[in-house]
Amino acid sequence: MKRVTIENVSKQFGQLYGVKDVDLEIKAGEFFTFLGPSGCGKTTTLRMIAGFYYPTKGKILFDEQDVTRLQPNKRNIGMVFQNYALFPHMTVDENIAFGLQVRKFSKTEIQRKVDRIRRQVHLSNYGDRKINELSGGQQQRVALARALVIEPDILLLDEPLSNLDAKLREETRIEIKRIQSELGVTTIYVTHDQMEAMAMSDRIMVMENGYIKQIGTPQEIYHRPVDRFVANFIGETNLIEGILEAIEGEEIQVKTANGHIFTGRKQQSSPALTHMIGDKVFISIRPESIHLGTGDNTLTGKITFVEFTGISVNYIVDCNAFSLKVMLINSYDQIKKIGEDITIHITHDSLYFLGE
Ligand SMILES: Nc1ncnc2c1ncn2[C@@H]1O[C@H](COP(=O)(O)OP(=O)(O)OP(=O)(O)O)[C@@H](O)[C@H]1O
Ligand SMILES: [Mg+2]
């Protein structure tokens, strides 16, 4: 396993930037995820690490070695592409062995390595099966085995679960995580699925339009997003606009357009917020942090939407100038109907303040 340093890297396609000023260090053995919407530059960054693109500007290092312009086959990386890129008429073993043959290992050595990795991805008895006789999840594991069998310093995975159904996605996500932590290989994972990113990663880089928006642990990104884009992208949230009305010690008050005052804690603010009275502020409130009944920040509103998901009851509550998505767990016996009034509250700690 190796450390990956990306030093101030940009990639231009003609006049357009695919990626701009990306600066980050991925630790040896870390599970690191690039997360962001379509076109934000995830694959471009991954391809520069793999050597399929050279940066227009900046440097890429594996440990101390400058690999910026090194050919892909000299980097000792394993890569799984979105469509797996397996050879459909070849067997599982022939597919897995491909990278070892290119590297000129002996026949017995190849078979030993292939057998071992096949066990690791739980395909022990599938060596002679053709790829087109496998399920999507099994094919995914062959692609993973093929990338891992060469014992890469760095494993690159570009949306490897996107072809799978929801249940298989979750199972395979757990498998990838298990194999990665057993082998301890530095792994860079690309996805636009925030749940997947949160569940798998040691750290996440959120990207937008070729730029880094935020780098942090799943908890940091979820609870302390730097701006509205990140807050919205990482899970569901309610964003309410208001004006900073008062600060008293650690307490802060924000007034909404309909005159409602929310009270929260100053420390629960994005670092970008300047805390000047009269500033425009956005309050981020996660649906699951809203509770039934009265308490801090009590509100009453009308229900405009109800949904039962099995885990929770979700409401949309119209509070005049704003509506709130509310997610209630363990309140199935008293599900309310559209048109009914509901009283809810939000603890001071559950408000998070963002700038414009
Ligand atoms: N070879 C190329 N030539 C020109 N523009 C490109 C090329 N590759 C990528 N781009 C542009 O660079 C930007 C970033 O693309 P990239 O493929 O990195 O996005 P992405 O984050 O992987 O998106 P997705 O989630 O859709 O895969 C996009 O605007 C894309 O159109
Ligand atoms: Mg992509």
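The values are calculated or read from the model by the stated rules, or taken from the named source; none is laboratory data. It should be emphasised that the depicted structure is a prediction, and the values quoted were computed from it without experimental measurement. Note that each Cβ is placed from the backbone with ideal geometry, even for glycine, and that neighbours are counted across all protein chains shown.
None of T68, T45 is over 21 Å from I179 (Cβ atoms) and more than 16 Å from ligand 1 (Cβ to nearest atom) except T68.
Step by step: first the residues of region 7-42, then only those that are more than 13 Å from M205 (Cβ to Cβ) and among the aliphatic types (A, V, I, L, M), then the one that is farthest from ligand 1 (Cβ to nearest atom). Which residue is that? Result: A28.
Within region 268-314, if we keep just the residues that are among the hydroxyl-bearing types (S, T, Y) and out of contact with any Pro (no Cβ under 9 Å at 6 or more places or on another chain), the residue that is farthest from A246 (Cα to Cα) turns out to be T309. You will find that of D115, D63, D153, the residue that is in contact (Cβ under 8 Å) with a residue 40 or more places away in the chain, closer than 19 Å to R178 by Cα and assigned by TED's automatic domain parsing to the domain that holds L24 is D153 and no other. Filtered by the rule that a residue be among the hydroxyl-bearing types (S, T, Y) and either surrounded by fewer than 16 Cβ atoms within 10 Å (Cβ to Cβ) or in contact with a Pro (Cβ under 7 Å, 6 or more places away or on another chain) (or both), region 315-339 gives S331, Y332. Looking at region 22-122, the helices (runs of 4 or more DSSP H) lying wholly inside it that each contain 2 or more residues that are within 16 Å of ligand 2 (Cβ to nearest atom) sit at 42-50.
Results for (1) surrounded by fewer than 16 Cβ atoms within 10 Å (Cβ to Cβ); (2) within 30 Å of R203 (Cβ to Cβ); (3) small (G, A, S), shown as yes or no for each residue.
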residue: E236; (1), (2), (3): yes, yes, no
residue: N258; (1), (2), (3): yes, no, no
residue: I261; (1), (2), (3): yes, no, no
residue: L273; (1), (2), (3): no, yes, no
residue: I283; (1), (2), (3): no, yes, no
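Given the structure, is V185 touching a strand residue (DSSP E or B) at 6+ places or on another chain (Cβ under 7 Å), within 19 Å of S270 (Cβ to Cβ) and touching a residue at least 12 places away in the same chain (Cβ under 8 Å)? Judged against the criteria, V185 is not a match.
Those strands (runs of 3 or more DSSP E) of region 164-255 in which at least 1 residues are closer than 21 Å to A50 by Cα and modelled with pLDDT of 95 or more, considering only elements entirely within it, cover 186-191, 203-208, 211-216.
Quick one: how many residues across region 190-223 are basic (K, R) and either surrounded by 20 or more Cβ atoms within 10 Å (Cβ to Cβ) or within 16 Å of ligand 1 (Cβ to nearest atom) (or both)? Selection size over region 190-223: 1.
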